[in-house]
Amino acid sequence: MSTVPKTNILIADDDPVTRLLFKKYLENAEFEVITAVDGSDALRQMTQDVTLAVLDLNMPKLSGVDCIRKIRKKFSSCEVLIVSGVGQIHDAVHAMKEGACEFITKPCDPDAFIAHVKSAIRTSKLAKRNQQLQQVVEQPASTSRLVGNSAVTQELLKKVSKLAKFDSTALLTGESGTGKTTIARLIHDQGPRSGSPFIAVNCASLPRDLIEAELFGHVKGAFTGATTGRPGRAEIAAGGTLFLDEIGDLPLELQPKLLTFLQEKTLQRIGSNKTVSVDVRLIAATHQDLFEMCNERRFRSDLYYRLNVLQIEVPTLRERRADIPILAETIMDRIARRRGGQKIRLSPDAADALQECNWPGNIRELENVLERASAFCESEQIGVKDLELMACHKPPETRSPVPESHHGRTLKEIEKIALLDTLKANDGNKAMAARQLGISEKSIYNKLRRFELFHSKKK
């Protein structure tokens, strides 16, 4: 099995003996070495994969100092080690002012040379890591809190706490806007990887032709517009958690590569044949029914079973109505802090009205309603009229029709009617229907097949 590629070091010196000695020292220390005969040759061979450049101070065509200026401009995370003669100390100090991390004098002891190299590499890797993290907008820690005191929320928090202790892949399911990203961040923050990056990728928001490069990175020239190499989100998340939101929108042709990454914990950047080992915990989320997508051949079943190791069904907002008042207050606090103004309160009638709504858009919709109401409210208190709640958001009125008689029907027919009615009431959501009927989601599929409804629903 392939391993992590060796660290690339560029040696530039017009003296062939010095080049040969340094190359031998570095290869004995298991570094990958590139050699250049002068300054111009050094710049031609520079890439984003070069971690350290060891440059002679005086070289033909371009001096070591000239090379430093150009390297610093184009390859900012690459460190430079200057090699000088004993009488060139003043020039070496000038080179450090231009950006060299250190200088060594010739001739040098092999052990001391390797020690200087390793120190420079540590500095380079730290700079590159910081640069990579700046490319990613992480989920703010202030939002990684699950608000609510309802029994449903407390049960969810218990599941999160248990699941966080493990390092296995997790799958979060539930309707859009229920807070799956917040749950993923909670799992990360309560787990053993909390001190490492939490990197989120929304598979639905990335262009289809760019998602592979975003996930796994690319090298310079891998495709049109790839003017520099770049690590992917999976590589940046090393040591931490990679959160793939809306995993159901991951293109089918890319799913085998994600499966390989999950199985082997390795990846290859686009355009590279080097295999990189990456240690991350993967958390995926979706509002879609992946099991049904597998049956319809729109999602790979082997990837589904690899993802569905630890699963949490995130409840809808209408299932945790008791949390709405405190959740609304928390959202209002956040809005006030962001705007830097005085917090606007909810009237008791407005709070009651929020609890009466059905919230098809869940927490995200609640946030939008409160954002709009606080912007247009003409007093310091939001009333029912300020909320501008749509009538369709309210749950249907409870009617008491004469119950249909099942006299003369078989038990199989009654069971079929109950299954169809429950699925219809839950807009086809099989997980919610299973909970209401007190059976497993797998049983739902078995019954659909038994009643010969499964294939007809697919059509």
Just to be sure I understand, how many residues within the stretch 65-83 are crowded, with 20+ Cβ neighbours inside 10 Å and either under 17 Å from Phe31 (Cα atoms) or in contact with a Gly (Cβ under 7 Å, 6 or more places away or on another chain) (or both)? 7
Just to be sure, is Ala184 surrounded by 19 or more Cβ atoms within 10 Å (Cβ to Cβ), within 23 Å of Ser76 (Cβ to Cβ) and of a type in the set (A, V, I, L, M, F, W, C)? no
Taking the stretch 223-258, which residues are in contact with a helix residue (DSSP H, G or I) (Cβ under 8 Å, 6 or more places away or on another chain) and without any contact (Cβ under 8 Å) to a residue 40 or more places away in the chain? Gly232
Residues in the stretch 225-237 that are under 29 Å from Ala164 (Cα atoms) and either surrounded by fewer than 18 Cβ atoms within 10 Å (Cβ to Cβ) or under 11 Å from the mean Cα position of the chain (by Cα) (or both) total 6
Keeping to the stretch 204-224, report how many residues are assigned to a helix (DSSP H, G or I) and surrounded by fewer than 14 Cβ atoms within 10 Å (Cβ to Cβ). 0
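One line per residue, one yes/no per condition, for (1) assigned by TED's automatic domain parsing to the domain that holds Thr178; (2) within 23 Å of Asn426 (Cβ to Cβ); (3) modelled with pLDDT under 95:
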| position | (1), (2), (3) |
| --- | --- |
| Asp289 | yes, yes, yes |
| Asn295 | yes, yes, yes |
| Val309 | yes, no, yes |
| Arg321 | no, yes, yes |
| Ile324 | no, yes, yes |
| Leu327 | no, yes, yes |
| Asp333 | no, no, yes |
| Ala336 | no, no, yes |
Any chance you could count how many residues in the stretch 315-352 are loosely packed, with under 15 Cβ neighbours inside 10 Å and of a type in the set (Asp, Glu)? 3
Residues that are more than 24 Å from Arg364 (Cα to Cα) and touching a Pro at 6+ places or on another chain (Cβ under 9 Å): does the stretch 253-271 have at least one? yes
Just to verify a result, which residue in the stretch 24-63, among those that are over 24 Å from Ser272 (Cα atoms) and among the basic types (Lys, Arg), is nearest to the chain's Cα centre (by Cα)? Lys24
Looking at Leu370, Leu366 in this structure, which one is in a helix (DSSP H, G or I), crowded, with 20+ Cβ neighbours inside 10 Å and either on the phi > 0 side of the Ramachandran plot or within 35 Å of the chain's Cα centre (by Cα) (or both)? Leu370
Selected residue [among the hydroxyl-bearing types (Ser, Thr, Tyr), touching a residue at least 24 places away in the same chain (Cβ under 8 Å), in contact with a strand residue (DSSP E or B) (Cβ under 9 Å, 6 or more places away or on another chain) and closer than 16 Å to His287 by Cβ] from Thr173, Thr169, Thr182: Thr173
Identify the single condition in (1) within 28 Å of Glu32 (Cα to Cα); (2) over 18 Å from the mean Cα position of the chain (by Cα) that Leu346 does not satisfy, given that it satisfies every other one. (1)
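The values are calculated or read from the model by the stated rules, or taken from the named source; none is laboratory data. Computed from a prediction, not measured in an experiment: that's the story for all the values here. Cβ: placed from backbone, ideal geometry, glycine included. Neighbour counts: every protein chain shown.
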